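Novice: To start, I am sharing the structure in question, which I have written as structure tokens.
The values are calculated or read from the model by the stated rules, or taken from the named source; none is laboratory data. Here the structure is a predicted model, which is why all the values come from computation and not from measurement. As a convention, Cβ positions derive from the backbone with ideal geometry for all residues, glycine included, and neighbour counts pool all protein chains shown. Side chains are part of the model used for accessible areas, which takes the heavy atoms of the whole protein and leaves out ligands, DNA and RNA. Shrake-Rupley method; radii C 1.70, N 1.55, O 1.52, S 1.80 Å.
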Amino acid sequence: QPVIAQAGGSPRGRQFAGAHADTIVVNAKGIDAMREYRDDVHKHMVAGGRNPADCKILYLINPVLGETKEEAEAQRAKRDALALATIDQRLAQFGKVTNIDFAQFDLDKPLPDDVTTNGHQLNLEQFRKMAQGRSIRETMARFNSVDLSIDLCGTPDAVAARMGEVMEEVGGDGYLFSMPNVNRRTLAEIEDGLIPALQARGLVRKAYEHEQFRDNLLAF
């Protein structure tokens, strides 16, 4: 059967993932949240008679890379400025996944407490946690702009080392790059800089062993 890939952060989504998903994409903020998510999904899998190793959990990341840490920090500052300048587009995208029309709110005030969603509930929950009294505009400028699950900013070697450390603490399984500003430069930074650094640490394979996607997904 086809590989089932899911993005499920709500309690209902986690339960569904435990029963059916072969791989899950999740934006869990920080190591503790990443580990808690993985443990919870594994609990649902065991309860349903599944082997937790049969579902790969991938945490969203958007690393900022540079030849030096200072260059990476400068790139991050540019991304932050771009995020602030594209608030309307970002809110439209966020509204699409949460089924919330943000045009009805004053963007310079906090999101009202009574707003709920039948869409991506985890995203809305994380948005509220990040807000801490900030306006919708301020929160959206920071939300998902760079770090996603963990903060990754620096040289390819430093970022690769941090990615490995985090997976050791979380317990696995891997990452999914979520990069809104894909261009030739960012692709080259990943393909020619970060991936070789990860491969040198044995964290990324250098070839696929199998013909089928499912087998390759579960093999590493």
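Novice: Would you check if Asn123 is closer than 24 Å to Val26 by Cα, of a type outside the set (Ser, Thr, Tyr) and assigned to a loop (DSSP other than H, G, I, E, B)?
Specialist: no
Novice: Can I ask one more? Residue by residue through the range 36-60, note down the ones that are surrounded by 16 or more Cβ atoms within 10 Å (Cβ to Cβ) and over 18 Å from Leu217 (Cβ atoms).
Specialist: Tyr37, His44
Novice: If I go through the range 1-15 residue by residue, how many of them are open to solvent by 30 Å² or more (accessible area, probe 1.4 Å) and of a type in the set (Gly, Ala, Ser)?
Specialist: Residues in the range 1-15 being open to solvent by 30 Å² or more (accessible area, probe 1.4 Å) and of a type in the set (Gly, Ala, Ser): 2 in total.
Novice: Give Asp157, Asp113 a once-over and let me know the one that is surrounded by fewer than 17 Cβ atoms within 10 Å (Cβ to Cβ), out of contact with any His (no Cβ under 9 Å at 6 or more places or on another chain) and assigned to a loop (DSSP other than H, G, I, E, B).
Specialist: Asp113
Novice: Restricting to the range 47-62, what's the tally of residues that are within 20 Å of Leu194 (Cβ to Cβ) and either among the hydroxyl-bearing types (Ser, Thr, Tyr) or in contact with a Lys or Arg (Cβ under 9 Å, 6 or more places away or on another chain) (or both)?
Specialist: Within the range 47-62, residues that are within 20 Å of Leu194 (Cβ to Cβ) and either among the hydroxyl-bearing types (Ser, Thr, Tyr) or in contact with a Lys or Arg (Cβ under 9 Å, 6 or more places away or on another chain) (or both) number 2.
Novice: Within 30 Å of Asn183 (Cα to Cα), open to solvent by less than 50 Å² (accessible area, probe 1.4 Å) and of a type in the set (Ser, Thr, Tyr), is that true of Thr98?
Specialist: Taking the combined requirement at face value, the residue satisfies it.
Novice: Only residues that are assigned to a helix (DSSP H, G or I) and surrounded by fewer than 18 Cβ atoms within 10 Å (Cβ to Cβ): list them for the range 16-35, please.
Specialist: Of everything in the range 16-35, those that are assigned to a helix (DSSP H, G or I) and surrounded by fewer than 18 Cβ atoms within 10 Å (Cβ to Cβ) turn out to be Phe16, Ala19, His20, Ile31, Asp32, Arg35.
Novice: Same structure, new question: Kindly indicate the residue of the range 126-154 that is modelled with pLDDT of 85 or more and within 19 Å of Ile31 (Cβ to Cβ) and also farthest from the chain's Cα centre (by Cα) among those meeting that condition.
Specialist: Per the criteria, the residue is Gly154.
Novice: Would you confirm, using the coordinates I've provided, whether Met163 is under 24 Å from Leu218 (Cα atoms) and either among the basic types (Lys, Arg) or part of a helix (DSSP H, G or I) (or both)?
Specialist: For Met163, the condition - under 24 Å from Leu218 (Cα atoms) and either among the basic types (Lys, Arg) or part of a helix (DSSP H, G or I) (or both) - is met.
Novice: Separate question: What number goes with the only condition from (1) exposed (fewer than 15 other Cβ atoms within 10 Å of the Cβ); (2) among the charged types (D, E, K, R); (3) modelled with pLDDT under 95 that Arg201 does not pass?
Specialist: Unmet for Arg201, out of (1) exposed (fewer than 15 other Cβ atoms within 10 Å of the Cβ); (2) among the charged types (D, E, K, R); (3) modelled with pLDDT under 95: (3).
Novice: Do we find that Asp106 is at pLDDT 90 or above, assigned to a helix (DSSP H, G or I) and either open to solvent by 20 Å² or more (accessible area, probe 1.4 Å) or over 30 Å from Asp192 (Cα atoms) (or both) in this structure?
Specialist: no
Novice: Still on this structure, I have one more. Assess whether Val3 counts as being in a strand (DSSP E or B) and out of contact with any Cys (no Cβ under 9 Å at 6 or more places or on another chain).
Specialist: no
Novice: Right, another one. I'd like the full set of residues that are open to solvent by 80 Å² or more (accessible area, probe 1.4 Å) and in a loop (DSSP other than H, G, I, E, B), limited to the range 180-198.
Specialist: Pro180, Val182
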